[in-house]
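J.: Below are the structure tokens for one structure; questions will follow.
The values are calculated or read from the model by the stated rules, or taken from the named source; none is laboratory data. In this text, all values refer to a predicted model and were calculated from it rather than measured experimentally. As a convention, Cβ positions derive from the backbone with ideal geometry for all residues, glycine included, and neighbour counts pool all protein chains shown. Remember, those area values only see protein heavy atoms, side chains included, never the ligands or the DNA or RNA. Shrake-Rupley method; radii C 1.70, N 1.55, O 1.52, S 1.80 Å.
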Amino acid sequence: MTTPVKTRRVFVTGATGYLGARLIPLLLERGHQVTALARPESVRKVPTGCQIVVGNPLESGTFVEQVRGADTFVQLVGVPKPAPWKGPQFRAIDGPSAMAAIRTAREAGVRHMVYVSVAHPAPIMRDYIAVRSECEAAITAAGLVATILRPWYILGPGHWWPLALQPVYRLMEQLPGTRAAALRLGLVTIQEMLIAMTWAIEQPPSGSRVIEVPEIRQLGRSHA
């Protein structure tokens, strides 16, 4: 990737999660100022080199003051390893944390919000998609300028099993009736996802935008 044009002040929730723990070191390496939100019991797991704010991601009042001055808010809190049977957890964690983040970003005057949603529509993961879609709608209703990324499944350490589905994906991509769905619900690598997120942070939009799987792949390959 090229050298960032401007240093960004980035506030990250979900700093110790699958994406956050990998995104923060990359942002720091590229010269950005990163502040990470963490619960007291997770502070020791936050990547070194960033400022840490101790708070509860479900309660905006515990961190809103520390967000002031940030120009980018990256919302990454979510239930690990989403599965169809985790609907109650999505409602208890993914939704409330995103709503708290939206309130905070608006109150603190953050210019750009980056939100990792999920590709949809899809025949499975209905509760997960419903919660993430509600959060997307809330971002729009709040009037925030945002980048919404919609991956389906992210391949990476501990998450390699979908590779067995690649022959099926390739076949579906060749058939007119299934091509669009296969591309929309395609697999992306952790590296492609991190590059796409970094690009989104470094290239904030003037208006909200959505980055789907094909563009995540394209960004990952063109900026590697």
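J.: Out of Ala38, Ala15, Ala70, I need the residue that is touching a Phe, Trp or Tyr at 6+ places or on another chain (Cβ under 8 Å), aliphatic (A, V, I, L, M) and buried (at least 19 other Cβ atoms within 10 Å of the Cβ). Which one?
T.: Only one candidate qualifies: Ala70.
J.: Still on this model: So Met193 fits all but one of (1) modelled with pLDDT of 95 or more; (2) in a loop (DSSP other than H, G, I, E, B); what number is the exception?
T.: The failed condition is (2).
J.: In the stretch 101-143, how many residues are within 22 Å of Glu215 (Cα to Cα) and in contact with a Ser or Thr (Cβ under 8 Å, 6 or more places away or on another chain)?
T.: 12
J.: To continue, here is another question. Could you give me the residue pairs with C-beta distances under 7 Å whose first residue belongs to the stretch 146-173 and is closer than 26 Å to Thr72 by Cβ, whose second residue is at pLDDT below 80 wherever it lies, and which are 6+ apart or on separate chains?
T.: From residues that are closer than 26 Å to Thr72 by Cβ, the pairs are Tyr153/Pro162; Leu155/Pro162; Leu155/Leu163.
J.: Can you tell me which residues in the stretch 173-195 are over 12 Å from Glu215 (Cβ atoms), under 17 Å from the mean Cα position of the chain (by Cα) and of a type outside the set (Val, Ile, Thr)?
T.: If the condition is that a residue be over 12 Å from Glu215 (Cβ atoms), under 17 Å from the mean Cα position of the chain (by Cα) and of a type outside the set (Val, Ile, Thr), then Leu185, Leu187, Gln191, Leu194 are the ones that fit.
J.: Out of the residues in the stretch 196-211 meeting the condition of being closer than 19 Å to Leu23 by Cβ and part of a loop (DSSP other than H, G, I, E, B), tell me which one is most open to solvent (accessible area, probe 1.4 Å).
T.: Gln203
J.: Considering only residues of the stretch 105-159 that are of a type in the set (Phe, Trp, Tyr) and at pLDDT 95 or above, which is most open to solvent (accessible area, probe 1.4 Å)?
T.: Only one residue fits best here, namely Tyr128.
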